[in-house]
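The values are calculated or read from the model by the stated rules, or taken from the named source; none is laboratory data. Bear in mind the structure is a predicted one, so any value in this text is a computation, not a measurement. Here the Cβ positions follow ideal geometry from the backbone for every residue, glycine too, while neighbour counts run over all protein chains shown. Note: accessible area is taken over every heavy atom of the protein model, side chains too, but ligands, DNA and RNA are not part of it. Shrake-Rupley method; radii C 1.70, N 1.55, O 1.52, S 1.80 Å.
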Amino acid sequence: MGKNIILTGDRPTGKLHLGHYVGSLKRRVELQNSGAFDEINILIADDQALTDNADHPAKIRENIVNVVLDYLSVGIDPNVSTICIQSALPALHALTFYYLNLVTTARLSRNPTVKAEIQMRGFADEGLPTGFFTYPVSQAADITAFNATVVPVGEDQLPMIEQTREIVEKFNKIYGETLVLPKAMIPENETQRRLPGVDGKAKMSKSLGNCIYLSDDAKTIKKQVNGKMFTDPTHLQISDPGHTEGNVVFTYLDALCEDRHFAMFAPEYANLEEMKAHYRRGGLGDGTCKKFLINVLEETLAPIRERRAAWEQDIDAVYDILREGTRRANEVTNETLARVRKAMRINYFEDRSIVKEWETLLRATRQ
Ligand code: TRP
């Protein structure tokens, strides 16, 4: 084959936020626009979302539209990238069923991301749904069904790609060279890998109220920055020397700002290094830094917000994008399933050649 194929995806459990943007969405758009890939597929992983939301199917159904709107508004172009819905791709279910036989429960129990999620969701006490426990296998089905060579994801997803690679190697060893071995691609910039919440807590999360959503208005963003971002507790007077490490305002600037933002909003500095140096020396106020960050955020998010508002006026078109993307995805994933069944020699009804095989076998045992 030798094609360069991307598969990535998200669970539709809520609107996407700035953490998703700097950690993956921005990159996806850059990869899409680079022209370096033969195919880009983006999977809305609603089946995976159900593995820990079996009792909240409405939440998943509602958020599918939010996630597609977020994709379209950051610049995912449905003419270039295929956006599709996992539950409408039956080949993924079949592949999962076969791959489950190639993975031990002991191996699944060692997955650090799943382990952490089990704790977070209280499954350690309540009981662990089997579907949730095995979702890394279903994710391997997602990735291999699209013949993905590259999987751009956050750092927390590395164990899923590792698991996928093991399944591919095992499958190919048993049944012959069939599946494509994928590679993970994670953001180079450390702050982009893990953007903290506005309160400085490790992760943006809806329940902590520390998110900036891609769909937030200017007023909400300003409120989150001014009201919830702590800076440096030792920086009491503007003239005091300050710390930029562990200072959320600077963490966000590390993740988001580009040199052009200085020309636009703070021409006294050429780049973030110069601004940081001033803060460390003393003489640069937190209010000024926050104002600059708000400008950077607004410059980043305003066009996204506008595109979202426009798409919201045409949900019919959004529906058609999903339907067409899912149709295309069914072609590719069904083709992979056929290849897998053939490799496993369980493609009984493809032709009648097995009739001969069975007849020969029966003759041999009769003699
Ligand atoms: N597990 C991913 C997440 O929680 C979502 C996902 C499902 C995914 N299938 C995928 C990501 C395939 C990449 C490739 O973010």
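Exactly one residue out of Lys222, Lys203 is in contact with a helix residue (DSSP H, G or I) (Cβ under 9 Å, 6 or more places away or on another chain), within 13 Å of the ligand (Cβ to nearest atom) and open to solvent by 30 Å² or more (accessible area, probe 1.4 Å), and it is Lys203. In this structure, Thr144 does not qualify as in a helix (DSSP H, G or I), touching a Ser or Thr at 6+ places or on another chain (Cβ under 7 Å) and more than 13 Å from the ligand (Cβ to nearest atom).
Looking only at residues of the stretch 147-167 that are of a type in the set (S, T, N, Q) and within 12 Å of the ligand (Cβ to nearest atom), we find that the one that is surrounded by the most Cβ atoms within 10 Å (Cβ to Cβ) is Thr164. Check the stretch 168-180 and report whether any residue there is within 13 Å of the ligand (Cβ to nearest atom), farther than 20 Å from Glu30 by Cα and either open to solvent by 30 Å² or more (accessible area, probe 1.4 Å) or part of a helix (DSSP H, G or I) (or both). So far as the stretch 168-180 goes, no, none of its residues is within 13 Å of the ligand (Cβ to nearest atom), farther than 20 Å from Glu30 by Cα and either open to solvent by 30 Å² or more (accessible area, probe 1.4 Å) or part of a helix (DSSP H, G or I) (or both).
Got at least one residue in the stretch 129-137 being polar (S, T, N, Q), assigned to a helix (DSSP H, G or I) and farther than 29 Å from Arg307 by Cα? Yes, there is a match, as at least one residue in the stretch 129-137 is polar (S, T, N, Q), assigned to a helix (DSSP H, G or I) and farther than 29 Å from Arg307 by Cα. Of all residue pairs spaced 6 or more apart or on separate chains, those with beta-carbon atoms under 6 Å, a first member in the stretch 90-114 that is outside any helix (DSSP H, G or I) and a second member that is open to solvent by 20 Å² or more (accessible area, probe 1.4 Å) are Asn111/Pro159. Counted as qualifying within the stretch 234-338 are the helices (runs of 4 or more DSSP H) with 3 or more residues that are over 22 Å from Tyr213 (Cα atoms) and not aliphatic (A, V, I, L, M), namely 259-265, 272-281, 286-312.
The set of residues in the stretch 24-76 that are open to solvent by 10 Å² or more (accessible area, probe 1.4 Å) and among the small types (Gly, Ala, Ser) comprises Ser24, Ser34, Gly35, Ala36, Ala54, Ala58, Gly75.
Within the stretch 207-219, being surrounded by fewer than 13 Cβ atoms within 10 Å (Cβ to Cβ) and part of a helix (DSSP H, G or I) holds for Ser207, Lys219.
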